[in-house]
Amino acid sequence: MILIKSGKIADAEKTYTADILIENGKIKQIGENLSAKGAEEIDAEGLTIIPGMIDMHCHLREPGQEYKEDILSGSKAAVKGGFTSIVCMPNTDPVIDNAGLIAYVQERAKKVGLCKIYPTGAITTGLGGTQLTEMGELKAAGAVAFTDDGKPVSSGKMMRNALNYAKCLDALLILHEEDLDLRADGVMNEGYYSSMLGLRGINRAAEESMIARDIALAESLKCRIHIAHVSTRGGFDMIKKAKARGVSVTCETMPHYFSADDSWVVGYDSNTKVNPPLRTKDDVAAAIEAIKDGTVDAIATDHAPHHVDEKDVEYDIALFGISGFESALSLMVTHLLPAGVSLNKIAELTSKNPAKILRIPGGSIAEGEPADLTIFDENEKYVFTKADMVSRGKNSPFIGRELVGKAKYTVVDGVIKYKES
Amino acid sequence: MQLINKDLVGLEGVSAEEIAHILDSAKSMKDYLQQGVKKMPQLQNKSIVTLFYENSTRTKMSFDLAGKYLGASMSAIAASSSSIQKGETLLDTGRTLEARGIDIIIMRHPMSGAPEFLGRNISARVINAGDGMHEHPTQALLDMYTMQEKLGRLAGLKVAIIGDILHSRVARSNLHGLKTMGADVTLCGPGTLMPVEIEKTGVKVTYDIREAVKDADVVMGLRLQLERQKSGLLPSLREYNELFGVNSEVLKLAKPHALIMHPGPVNRGVEMDTDIIDHDRSVITEQVTNGVAVRMALLYIMTRKKEDIV
Ligand SMILES: [Zn+2]
């Protein structure tokens with residue numbers, strides 16, 4: 001039994017102060033002045049409680065790239081960041097494109113036992129882009145969605161097949177949108193800063209043209225799609241318009257797209273190298289607008305840990321990716337609350353919507369529901385350092401920055417899986 | 001006077017006072033050289049290494065001469081050397097050099113930002129001798145030195161830089177340096193070879209060479225890598241020369257005293273016609289001579305410790 005006293009509770013609908021009593025992994029009671037004999041007490045006065053955050057886009061690197069991260073180190077980082085559920089991408093080595101590997105990830109997750117881990121399966125075998133995976137079997141094994149993330153499905157014909165096939169299984173496709181030919185060997189956003197730094201630019205059309213293609217496909221085929229890591233104003237605009245027409249499209253953006261822009265690449269810190277790239281200040285503003293107006297359905301991390309040797313090199317050859325679990329909540333508090341995004345909206349984007357899109361548990365704080373809770377201090381100011389990162393990948397452009405808001409407790413199925421020491 | 005930053009990775013952010021100081025010192029160095037003084041003691045006990053990941057006989061030789069004339073102990077690591085070929089990282093190489101007590105690393109690298117990255121991680125001072133498509137500050141310093149020597153000033157000069165701006169570190173360094181010194185810069189080249197939003201730096205951009213050259217005090221051509229045509233950036237060298245080649249017809253539009261410059265080596269008949277390269281207003285050969293003086297000045301300034309300066 002756990003009794004959480006006097007926390008400010010914010011779910012997607014309302015904000016109120018109450019006590020929460022947890023028993024047998026579930027929320028037993030929410031109310032004022034609750035007491036329970038023998039219950040472990042958490043004094044949450046001055047703290048904020050939101051439904052356990054669900055990160056619907058992360059890379060855990062296991063199997064195959066455990067030198068970057070594994071399910072244990074990734075889970076530790078996730079719960080430290082306040083996440084109770086995470087959805088891992090299948091671009092591991094080997095690629096998660098068969099039911100055996102889905103089972104492997106589930107078993108490892110269970111053994112580690114920190115947060116809930118939901119695997120996704122590949123759309124095409126080996127992310128090769130030519131042969132559909134056995135989505136039916138993968139889905140039955142527990143894949144919550146399908147994605148070739150890390151790579152686009154370049155062939156329009158293949159995407160059409162994937163959508164039609166996923167439709168018959170009522171499966172969700174999560175789409176990494178990128179025209180590889182147009183991106184070519186670009187390493188950062190194409191714009192003033194790429195020109196100044198002499199780095200090869202990635203034109204925004206590399207992302208937007210593929211979003212346009214897949215919205216058109218989803219619209220004509222009447223399929224459901226989820227667009228991963230949207231980073232440009234043009235991308236948000238297209239998705240907004242598609243939603244208004246009734247297209248079944250959802251999307252996510254990442255904390256780095258509303259917290260940082262391409263001017264951060266000045267100095268060639270390879271921790272700013274991410275795909276899609278950090279865009280312009282106008283795109284940052286567009287991301288925040290899209291969060292406020294409902295275009296963005298979810299905020300996910302795209303947690304992409306890398307080994308220091310893969311980042312501590314020339315910018316051109318550093319790998320793409322930001323290690324994001326531990327900074328995500330702080331970046332939301334730092335950049336979204338002051339912009340007028342409510343705590344309720346944050347709860348919606350980090351739990352209610354991801355649960356709905358993926359059809360997994362979570363997303364609310366209510367009696368009888370699983371006790372997945374993120375408890376944080378929304379006022380604490382601190383300088384984010386490497387020491388704040390338990391992920392094996394310390395590749396964050398936010399190291400050294402002052403942030404606001406910090407997770408204090410992460411409760412998963414009624415068990416405290418993280419407590420700030 | 002000291003340079004404000006530990007490393008010279010580019011002219012972006014280098015102040016007018018610093019640039020003027022380097023150019024003034026270069027003048028003294030050139031005076032010595034012209035008097036035939038080629039053994040000076042200023043850099044005795046200083047060790048300088050050239051770390052070149054790209055072939056460049058010209059720039060490397062210029063730095064080598066500059067260092068030797070000032071008495072420095074010069075050594076060289078070339079891209080073909082064993083450790084680099086073995087896959088040693090840039091950071092490893094830099095730290096090894098640092099452990100050997102190197103004072104200055106002069107570095108050329110095919111990737112933009114490599115000198116800044118290395119300089120941030122070691123205490124030896126780094127001079128960028130050209131990084132990717134970013135900057136080549138000593139080339140721009142010698143270009144500015146040449147302009148000042150020939151035309152008496154930099155402020156108010158109209159400088160037209162013509163050619164492959166996108167891939168040119170020489171263009172970027174000149175753009176920053178010249179703007180800082182108060183010159184007007186116009187960039188001209190095909191749309192495929194023009195960096196996006198470059199006009200935000202305050203330079204003019206035109207696709208019409210006649211407009212660029214009109215009333216110019218300096219007409220600077222840039223080397224076109226001939227493989228640009230194969231990569232789809234240009235239809236043909238013939239059309240490139242037609243639209244963007246500097247020829248005597250175009251030059252008539254410049255001021256009568258206009259200087260003709262080029263960082264070399266020149267593709268004759270591509271970015272410049274032969275009669276332009278050998279024109280009496282061409283200072284292309286003098287650029288090479290001035291390069292040694294400018295680099296001597298820079299090495300001298302960058303090896304001074306604060307306490308050495310009176
Ligand atoms: Zn992706």
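Some notes on this structure:
- Residues being under 17 Å from A:Cys58 (Cβ atoms) and surrounded by 21 or more Cβ atoms within 10 Å (Cβ to Cβ) - total across the range A:97-117: 8
- Among residues of the range A:240-258 being more than 16 Å from the ligand (Cβ to nearest atom) and open to solvent by less than 10 Å² (accessible area, probe 1.4 Å), the one that is nearest to A:Glu326 (Cα to Cα) is A:Phe258.
- Those residues of the range A:53-70 which are more than 16 Å from the ligand (Cβ to nearest atom) and surrounded by fewer than 24 Cβ atoms within 10 Å (Cβ to Cβ), in sequence order: A:Glu62, A:Pro63, A:Gly64, A:Glu66, A:Tyr67, A:Asp70
- Residue list for the range B:20-58, filter: within 21 Å of B:His262 (Cα to Cα) and at pLDDT below 95: B:Glu54, B:Asn55, B:Ser56, B:Thr57, B:Arg58
Here is a yes/no grid of residues against (1) farther than 13 Å from B:Leu298 by Cα; (2) open to solvent by 30 Å² or more (accessible area, probe 1.4 Å):
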residue	(1), (2)
B:Val9	no, yes
B:Ile22	no, no
B:Gln44	yes, yes
B:Leu90	yes, no
B:Ile102	yes, no
B:Ile105	no, no
B:Glu116	yes, yes
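- Residue within the range A:19-39 that is touching a residue at least 24 places away in the same chain (Cβ under 8 Å), of a type in the set (Lys, Arg) and buried (at least 22 other Cβ atoms within 10 Å of the Cβ) present: no
- Screening the range A:309-333 for residues that are over 17 Å from the mean Cα position of the chain (by Cα) and closer than 23 Å to A:Ile86 by Cβ and picking the one that is most open to solvent (accessible area, probe 1.4 Å) gives A:Leu319.
- Which numbered condition A:Ser75 misses (of (1) more than 16 Å from the ligand (Cβ to nearest atom); (2) out of contact with any Cys (no Cβ under 6 Å at 6 or more places or on another chain)): (2)
- Residues of the range A:130-161 that are outside any helix (DSSP H, G or I), away from the ligand (no atom under 16 Å from the Cβ) and farther than 20 Å from A:Pro354 by Cβ: A:Thr130, A:Gln131, A:Leu132, A:Thr133, A:Glu134, A:Ser155.
- Against the test of being in a helix (DSSP H, G or I), closer than 28 Å to B:Lys255 by Cα and without any contact (Cβ under 8 Å) to a residue 40 or more places away in the chain, the options B:Leu175, B:Leu154, B:Leu141 yield a single qualifying residue, B:Leu175.
- If you filter the range A:162-181 down to residues that are assigned to a helix (DSSP H, G or I) and loosely packed, with under 15 Cβ neighbours inside 10 Å, you find that the one that is farthest from the other protein chains (Cβ to nearest Cβ) is A:Cys168.
- Entry remark, the range A:284-314: residues being within 22 Å of A:Arg200 (Cβ to Cβ) and within 14 Å of another protein chain (Cβ to nearest Cβ) number 5 in total.
- Among the conditions (1) of a type outside the set (Val, Ile, Thr); (2) open to solvent by less than 10 Å² (accessible area, probe 1.4 Å); (3) facing chain A (nearest Cβ under 10 Å), the only one that B:Ala140 does not satisfy is (3).
- Inclusion of A:Thr84 among residues that are within 16 Å of the ligand (Cβ to nearest atom) and among the hydroxyl-bearing types (Ser, Thr, Tyr) is not warranted.
- Among the residues of the range A:302-338, those identified as aliphatic (A, V, I, L, M), touching a helix residue (DSSP H, G or I) at 6+ places or on another chain (Cβ under 6 Å) and under 13 Å from A:Pro397 (Cα atoms) are A:Ile322, A:Ala328, A:Leu331.
- Number of positions in the range B:164-199 that are more than 12 Å from chain A (Cβ to nearest Cβ), open to solvent by 20 Å² or more (accessible area, probe 1.4 Å) and in contact with a Phe, Trp or Tyr (Cβ under 9 Å, 6 or more places away or on another chain): 1
- Helices (runs of 4 or more DSSP H) contained in the range B:201-267 and holding at least 3 residues surrounded by 13 or more Cβ atoms within 10 Å (Cβ to Cβ) and among the polar types (S, T, N, Q): none
- Only listed residue being open to solvent by less than 20 Å² (accessible area, probe 1.4 Å), within 16 Å of the ligand (Cβ to nearest atom) and modelled with pLDDT of 95 or more, chosen from A:Ile299, A:Ile291: A:Ile299
- Positions within the range B:273-290 being assigned to a helix (DSSP H, G or I) and surrounded by fewer than 19 Cβ atoms within 10 Å (Cβ to Cβ), in sequence order: B:Thr274, B:Asp275, B:Thr285, B:Glu286, B:Val288, B:Thr289
- Pairs, first at negative phi in the range B:54-69, second among the polar types (S, T, N, Q), C-beta under 6 Å, six or more apart: B:Lys60/B:Thr50; B:Phe63/B:Thr50
- Scope the range B:99-119; condition part of a helix (DSSP H, G or I) and in contact (Cβ under 8 Å) with a residue 24 or more places away in the chain; matching residues: B:Ala114, B:Pro115, B:Glu116, B:Phe117, B:Leu118, B:Gly119
- Only listed residue being surrounded by 15 or more Cβ atoms within 10 Å (Cβ to Cβ), in contact (Cβ under 8 Å) with a residue 12 or more places away in the chain and under 19 Å from the mean Cα position of the chain (by Cα), chosen from A:Gly150, A:Gly129: A:Gly150
- Number of the condition not met by A:Ala285 [criteria: (1) open to solvent by less than 30 Å² (accessible area, probe 1.4 Å); (2) more than 30 Å from A:Gln65 (Cα to Cα)]: (1)
- Candidate set from the range A:261-279 (those that are assigned to a loop (DSSP other than H, G, I, E, B) and at the interface with chain B (Cβ under 10 Å from one of its Cβ atoms)); member that is farthest from B:Asn121 (Cα to Cα): A:Val266
- Restricting attention to the range A:385-410, the residues that are open to solvent by 40 Å² or more (accessible area, probe 1.4 Å), in a helix (DSSP H, G or I) and not aliphatic (A, V, I, L, M) total 1.
- Taken over the range A:356-384, the residue count meeting the criterion of being buried (at least 18 other Cβ atoms within 10 Å of the Cβ) and in contact with a Leu (Cβ under 8 Å, 6 or more places away or on another chain) is 9.
- Some residue of the range A:188-195 being within 14 Å of chain B (Cβ to nearest Cβ), under 19 Å from A:Asn275 (Cβ atoms), open to solvent by 10 Å² or more (accessible area, probe 1.4 Å) and without any contact (Cβ under 8 Å) to a residue 40 or more places away in the chain: yes
- Just so you know, in the range A:224-235 the residues that are open to solvent by less than 10 Å² (accessible area, probe 1.4 Å) and over 18 Å from A:Leu173 (Cα atoms) include one that is nearest to the ligand (Cβ to nearest atom), and it is A:Ser231.
The values are calculated or read from the model by the stated rules, or taken from the named source; none is laboratory data. The shown structure was predicted, so the numbers you read here are calculated from the model rather than taken from an experiment. All Cβ positions, glycine included, derive from the backbone under ideal geometry; neighbour counts span all protein chains shown. Please note that ligands, DNA and RNA were not included when accessible areas were found on the heavy atoms of the full protein model with its side chains. Shrake-Rupley method; radii C 1.70, N 1.55, O 1.52, S 1.80 Å.
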